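To keep things clear, I will list the structure first and then write my remarks on it.
The values are calculated or read from the model by the stated rules, or taken from the named source; none is laboratory data. As the structure is a prediction and not an experimental result, all values here were calculated from the model. Cβ atoms come from the backbone with ideal geometry, glycine included; neighbour counts cover every protein chain shown. Areas reflect the complete protein model, heavy atoms only, side chains present, ligands, DNA and RNA absent. Shrake-Rupley method; radii C 1.70, N 1.55, O 1.52, S 1.80 Å.
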Amino acid sequence: MATHLITGAGSGIGASVADRLHARGDELILLARDAARGKELTARYPGARALVADLADPDRISWAFSHQALPDRLDSLLHIAGIVDLGPVGELRPKTWHQQLNVNLIAPAELTRLLLPSLRAAQGQVVFVNSGAGLNAHPEWGAYAASKHGLKALADSLRGEERANGVRVTSVYPGRTATPMQAKVHSQEGKAYDPQAWIDPESVATTILMAVDLPRDAEVNDLTVRPGR
């Protein structure tokens with residue numbers, strides 16, 4: 001039975017991945033921003049346990065973890081949580097930049113640092129769910145795209161550093177996916193939202209699990225997923 005730590009398990013792609021892993025009997029550790037959210041998640045996934053830390057405050061993640069038991073071995077660390085706020089560079093305040101960089105880049109880096117001993121012990125895998133914006137930046141996506149371009153750099157550096165330790169690193173770049181985040185994006189863009197027009201979160205979950213379940217003689221470094229219609 002493999003052990004997976006998942007961020008963003010409360011909705012969207014993260015929930016789809018958690019559903020699939022839980023259904024097959026794997027052990028889940030679900031990151032929650034606070035204890036109340038942790039109780040909600042563990043009620044949804046019986047047998048799972050919560051690890052509490054706020055991704056919006058990466059400076060305090062180490063302190064939060066020092067009061068909780070971390071796994072000795074971790075087969076995968078799945079970075080799926082993220083936030084987005086659109087706006088032209090000429091109007092974005094530092095607070096908006098800090099919020100997206102904290103949740104989308106700095107917190108994943110800090111989580112990875114703290115959990116690397118557990119990943120090395122299991123020769124596990126780190127999966128960064130990035131975005132098409134992590135490859136191409138478009139108008140009004142500057143802050144979000146910057147955080148995701150940084151996430152690509154983090155993954156690429158980590159892959160080279162940890163190869164000798166047997167830790168695999170994968171970046172997944174989904175296009176627009178029918179999640180609550182996508183509904184928010186459409187609202188910010190002033191567009192009507194039709195979830196049927198975009199990728200089903202289950203399809204992205206399938207690609208993530210394919211990378212995680214790949215035999216050890218190979219690894220997926222980068223995986224781009226685009227809407228099929």
- Go through R163, R159 for me and flag whichever is in contact with a strand residue (DSSP E or B) (Cβ under 6 Å, 6 or more places away or on another chain), open to solvent by 10 Å² or more (accessible area, probe 1.4 Å), farther than 19 Å from G12 by Cβ and not hydrophobic (A, V, I, L, M, F, W, C). R159
- State all residues of the stretch 50-86 that are assigned to a loop (DSSP other than H, G, I, E, B), hydrophobic (A, V, I, L, M, F, W, C) and touching a residue at least 12 places away in the same chain (Cβ under 8 Å); if no residue qualifies, say none. A53, L55, A56, L70, L74, I80, A81, I83, V84, L86
- Of the residues in the stretch 100-128, those that are more than 13 Å from A81 (Cα to Cα), touching a residue at least 24 places away in the same chain (Cβ under 8 Å), open to solvent by 40 Å² or more (accessible area, probe 1.4 Å) and of a type outside the set (G, A, S) number 2
- Task: Please list, ordered by first then second residue, the pairs with beta carbon atoms under 7 Å, 6 or more apart or interchain, first in the stretch 153-175 and at pLDDT 95 or above, second part of a helix (DSSP H, G or I) and acidic (D, E).
- Result: V169/E162
- Task: Inspect all residues belonging to the stretch 207-219 and state whether any of them is within 19 Å of D85 (Cβ to Cβ) and in contact with a helix residue (DSSP H, G or I) (Cβ under 6 Å, 6 or more places away or on another chain).
- Result: no
- Scanning the stretch 1-47 for residues that are without any contact (Cβ under 8 Å) to a residue 40 or more places away in the chain and assigned to a strand (DSSP E or B), which turns out nearest to H79 (Cα to Cα)? L30
- On the given criteria, is T179 surrounded by fewer than 18 Cβ atoms within 10 Å (Cβ to Cβ) and among the hydroxyl-bearing types (S, T, Y)? no
- Of all residues in the stretch 183-203, which are touching a residue at least 40 places away in the same chain (Cβ under 8 Å) and either more than 23 Å from the chain's Cα centre (by Cα) or open to solvent by 80 Å² or more (accessible area, probe 1.4 Å) (or both)? K184, E189
- Message: As an exercise: evaluate P174 against (1) of a type outside the set (V, I, T); (2) surrounded by fewer than 18 Cβ atoms within 10 Å (Cβ to Cβ); (3) within 19 Å of the chain's Cα centre (by Cα) and give the number of the one condition it does not meet.
- Response: (2)
- Message: Of the residues L55, L86, L70, only one is within 18 Å of the chain's Cα centre (by Cα) and either aliphatic (A, V, I, L, M) or surrounded by fewer than 19 Cβ atoms within 10 Å (Cβ to Cβ) (or both); which?
- Response: L55
